[in-house]
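First up is the structure itself, then whatever we jot down about it.
We did not get these values from a lab; they are worked out from the coordinates using the rules stated. Since the model is a prediction, treat every value here as computed from it, not as a measurement. Every residue, glycine among them, receives a Cβ derived from its backbone with ideal geometry; neighbour counts consider all protein chains shown.
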Amino acid sequence: MRIIRPTVHAALQLAIPSVLLASAATIPNARADQPFLLPDSLIISSSIYDRTQGAVAALTVGTTLPNSATATTAAVAGNNYVDVWNNASVDASFGVTSPILLTDVDPRSGRVLGALRVPSDQVVTSFSSKSELGLHIAGAGPWSRLVFGGYAGAGVGALDASNADAVPGQDPTNPVTFAFGDSYAFARTIVTVDARGRFTYTPTIDYGGDNGRSALLAANGLYYMVGNANNGNATEFGSANNGTNPDVTETTGLEVVKPIDAPRAEVPVPAGDSAEVDPLLQYPLDKGKPDKPGKDNNYRGVTEFGGALYFTKGSGSNGMDTVYTVAGLPTVADAAATSISVVPGFPTDSARVTGGNFTPFAVFFANATTIYVTDEGTGSSVDAAQHAGLEKWTLVGGTWQLDYVLTNGLIGAVDSHLNGYDGPYPAVTTIGLRNLAGVVSADGAVTLWATTSTSSASGDNGADPNEVVRITDRLSATAMTGEVSRETFTTIAGPTYGTVYRGVAYVCGSIDSRTGVCRAGGR
């Protein structure tokens, strides 16, 4: 791993992505000879659009793209960063893979401590897939490990990988399979990196036809991963009914995965290495009509607290957008029999029917009775007034209640003059938050970092240059009064032309043995 030490940006913005914009290929590869995951630092995952490699390098108007399981379509834009996302208007599966960059930051001064490129010959991300690259830290101090997910074997510049099969020939009704062939498949792979910058890989058979979003290593030594699946026409549970192998209706939602932790991503996946938790879960709430299997449990933002798992659903055309939990840590053997339930106090209706004003993304536990939930927002005035931003919930009598939503300096902020190598990018408006990290100080201050969600005139808002923001709240506060009403978000990274920020994770110097909560130690 080679550490880069750029000049600190005047507004605490990360300089590394700006320096490397000209060519993603110039980001240094990992070399395990210097420390990473420094205690009491913040890790940020990001990705840089690169139109010089892979299939996207030859993308022009007229290039063949997927349309359906029986037809293809022609691209309406070339590989220009500003315009390429317009291809989503004719190809619902459109995306471009890009390299993953991990940046280690002093969360107080904003000083960049180092940057580590994830080997793109092993795994990549989908640049415009806004729900990917959630980060989690397992352990503390020098034993910390960073965990996230990516696509194995795709390389930089592959088209539509996030909607491709996970296993070759998995789903003949997948439009991406039809357009690019049965062999066009990419294992959704769990990646870990240790404090020496050494990577290991656990490929899975999960999330065929859509993306894995976030993964964590739990206290029991198993991985848990959330995502979505089924880009084809599977309408019934069971591979015998829907014709997919592995079954896309049971390789989605919340998955438990046995670690492989190989030094390279191209290794066979052992049979029975993963299983879906509560695979038959369906919420037929959209006018009484259930969504197709693999879609209602369209999860993201997983976390572990107090021996239980918590995760969210905040997007999709059906089901229940809310915060979910699983009591205990299921194994591969008992995953199917383990129940998923809504966390008491969170919505239990269909957001698609009631207007879509609750779109949760990530959860952070400040303690056993206080949680923060990011809400991605939809850009609507109703959403902005009710939920979008950073929600604070407290547990009262066994039921969680919403105390307030922090939005100062966040919702409605507009970034314009985003000019770069491919011309001006449309003005970007912040509408909410996605991934989240936090730490609690001994004096009761809760510092939280999150990545922003955006709206723009771009063809895919997931490709918008976004930001990493920070805010400090008082743990004891339960109302939007006094000091709380003056709490304001500040930007610590972005917006950076051609770059998207995805995940954030705080590296614990120590963990409270009594509560299991990471405590701020100071650098």
Open item on the list: Restricting things to Cα coordinates, could you compute the convex hull volume per residue of region 111-252 in Å³?
Closed with: 112 Å³
TODO: Please list 64-73, 148-157 highest first by mean number of surrounding beta-carbon atoms within 10 Å per residue.
DONE: 148-157, 64-73
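With an 8 Å Cα cut-off and a minimum separation of 6 or more residues, compute the relative contact order for the chain in percent.
Numbers: 1580 pairs, mean separation 74.7, N = 523.
Normalised by residue count, the contact order of the chain is 14 percent.
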- [ ] Within 10 Å, count the other beta carbons around each residue, average over each peptide in 424-433, 126-135, 192-201, and list them highest first.
- [x] 126-135, 424-433, 192-201
Task: Whole-Hz couplings from phi, Karplus 6.51/-1.76/1.60, listed for region 233-241; x for Gly and Pro - done: 10, 5, 10, 10, 5, x, 4, 5, 8
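Arranged from highest to lowest average of other beta-carbon atoms within 10 Å per residue, in what order do the peptides 440-449, 295-304, 78-87 appear?
Working: 440-449: 16.9, 295-304: 24.8, 78-87: 20.6.
Taking the mean over residues of other Cβ atoms within 10 Å, the ranking is 295-304, 78-87, 440-449.
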- [ ] Starting at the first residue of region 178-185, write each ³J(HN,Hα) from the Karplus equation 6.51 cos²θ - 1.76 cosθ + 1.60 with θ = phi - 60°, in whole Hz, x for Gly and Pro.
- [x] 4, 6, 10, x, 4, 7, 7, 8
Open item on the list: Can you give the FRET efficiency to the nearest 0.05 for T72 and V267, using r as the Cβ-Cβ distance and R₀ = 35 Å?
Closed with: 0.60
TODO: Name the long-range amide H neighbours of Y299: under 5 Å, sequence gap of 5 or more, or other chain; modelled H, no Pro or chain starts.
DONE: G227, G253
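Translational diffusion coefficient of region 16-519 at 37 °C, 0.692 mPa s, Stokes-Einstein with Kirkwood Rh over Cα pairs, in µm²/s as a whole number.
On the way: Rh = 22.5 Å.
D = 146 µm²/s.
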TODO: Please quote Rg/Rh for region 393-523 to two decimal places, taking the Kirkwood radius as Rh and restricting both calculations to Cα atoms.
DONE: 1.03
